[in-house]
Amino acid sequence: MKRREFIISSVMAVGGAAMLTGCGKKEVQKAENQIVTRKFNNLNIPLLGFGCMRLPMRDGKIDMVELDKMVEYAMAHGANYFDTAYMYVDAKSENAIGEILKKYPRESFFLADKNPAYLVNSKEDVHRLFNEQLKKCQVEYFDNYMIHNINKNTISNYRDNDMYGELLKLKKEGKIKNLGFSFHGDPKMLREVINEHKWDFCQLQMNYLDWEVINAKELYEIADEAGVPVIVMEPLRGGGLCNLSEKAAAKLKEACPDQTPASFGLRWASSKKRVFTILSGMSNLQQMKENIDTFVNFKEFTPQEEKVAADIAKIIQEQGEINCTACRYCMEVCPKAINIPAIFGLYNIYKSSNLPTKSFMFVYNYNALNEDERADKCINCHLCSKNCPQGLDIPALLKKVEAAVKSADTDR
């Protein structure tokens, strides 16, 4: 296959009890029903990938027992694409997924990781971080490797330290199979970056709400025009599209009664022809089972469903929700450790709810946050806004939430 050729061919691999074995490694017991795959560089990649940013937690730590069950279930059903990053789960995601995957033959799974551009201040940093990640993941190579989170704050790190050139050396050594980047910038920047080098793929935030709200449609079209395959991140917007308001949920139920909000959102993200896998940050085995079922019994998204998605997106926007995906990048730089994603999540639920108890629950849940994590502790430094992939004016929004809490407290 030529560099930027991308041929979509959905394949339903149905088989009996097949096994992948390796010396001293765990056998992969193949379930009868396998998830649909798409072609990428002559590889059959599962259309659903396991995003390891929101792993199962117990008592503040990654629940390795639950994670082990999730990986085993995923592997059995052909969902063998795993995506991690240096800072995920307080920099513990790589260690956790590496510890689980080491039980399986290396050729039985695809592992993606990312070089944290914000930590790169020299060419030596690129290699130091890469080697650290190999060690943490307990592998000798990455199937897909990215320059992580290219945006207005990291673009100079990426360019000044020739991150592409340094990683290309590692690709030539066989330590990287496919080289790409993840992106959180504007369309103009994406067009520049995507045309600067010969990329194997790119990773973009895409869901039916962001298709209009943050120019996801234009970003996708730029990648499509350049012939660069796309991985979708945040297809459910950090779980936000799983918890629709009553009005939005009613619209979905009326038009697509056999669809859950999650299956609807995941199918929308996979409907774009340039997409070869979408990542879902599943936090427990039940979520994984439900998502895998969507791709075992996969149905192509229809034009009628596209209209429904657009209508639901309009409803969400009209209800004034804050466009936060709970990626927690803001909290990496907040000097006051304000729980920004939780605050915005509570506000969104409050604004989209029609329950008579919504004011009471909003104030009750907000007050359940630690006092030093609340909106009023913001010192207006704007470090969070500079690090926000969505470009939100977070200090202003925190003031908005604080005012809403006071108003709701009066109303209840």
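Placing +1 on the Cβ of every Lys and Arg and -1 on the Cβ of every Asp and Glu, with no other charges, gives the range 329-411 a dipole of roughly 180 debye about its Cα centre. Here Asp90 and Glu300 are evaluated by their C-beta separation; at R0 = 30 Å the FRET efficiency comes out at 0.20. Taking a ≥ b ≥ c as the square roots of the eigenvalues of the Cα gyration tensor, an a/c ratio of 1.5 or more together with a/b no larger than b/c marks the range 307-370 as oblate.
Multiplying the residue separation of Lys314 and Asp162 by 0.36 nm and removing their Cα-Cα distance gives an extension gain of 50.6 nm. Approximating the spin labels as points 7 Å out from Cα along Cα→Cβ, the His382-to-Arg106 distance works out to 4.8 nm. Step through the table entries Lys289/Lys351; Lys171/Lys198; Lys69/Lys272; Lys247/Lys272, compare each Cα-Cα distance with 19 Å, and write down the pairs that go over it. Pairs exceeding 19 Å: Lys289/Lys351; Lys69/Lys272; Lys247/Lys272. The separation of the range 41-90 from the range 216-274, counted between C-alpha centres, amounts to 20 Å.
Extension gain for Leu369 to Asn354 (0.36 nm times residue separation, less C-alpha to C-alpha distance): 3.1 nm. Using the Cβ-Cβ distance between Tyr73 and Glu140 with R0 = 30 Å, the FRET efficiency computed as 1/(1 + (r/R0)^6) comes to roughly 0.70. As a size descriptor, the averaged projected area of the C-alpha convex hull of the chain was calculated at 19.9 nm².
Looking at the range 49-143, the chymotrypsin sites (Phe, Trp or Tyr not before Pro) that sit in a DSSP loop and have at most 16 other Cβ atoms within 10 Å of their own Cβ are Tyr141. Have a look at Gly24, Leu219, Cys334 and report the one farthest towards the positive end of the charge dipole of the chain, computed about the Cα centre with Cβ charges (Lys/Arg +1, Asp/Glu -1). Of the options given, the answer is Gly24. Taking GluC sites (Glu not before Pro) in DSSP loop states with no more than 16 other Cβ atoms inside 10 Å as exposed sites, the chain has its longest site-free stretch at 174-299. For the chain, a simple Cβ point-charge model (Lys and Arg +1, Asp and Glu -1, everything else neutral) yields a dipole of about 540 debye relative to the Cα centre. Here, the range 262-323 has an Rg and a Dmax of 13.2, 35 Å when only alpha carbons are counted. Per-residue Cβ neighbour counts within 10 Å put Ile349, Ile231, Ile278 in the sequence Ile349, Ile231, Ile278, beginning with the fewest. Relative to its residue count, the range 329-411 spans a Cα convex hull of 79 Å³ per residue. Sorting Phe344, Phe301, Phe360 by the number of Cβ atoms found within 10 Å of their own Cβ, with the fewest placed first, yields Phe360, Phe301, Phe344.
Any read-out appearing in this document is the output of simple, stated calculations on the displayed coordinates, not a laboratory observation. The model shown is predicted, which means the values in this text are computed figures rather than measured ones. Every residue, glycine among them, receives a Cβ derived from its backbone with ideal geometry; neighbour counts consider all protein chains shown.
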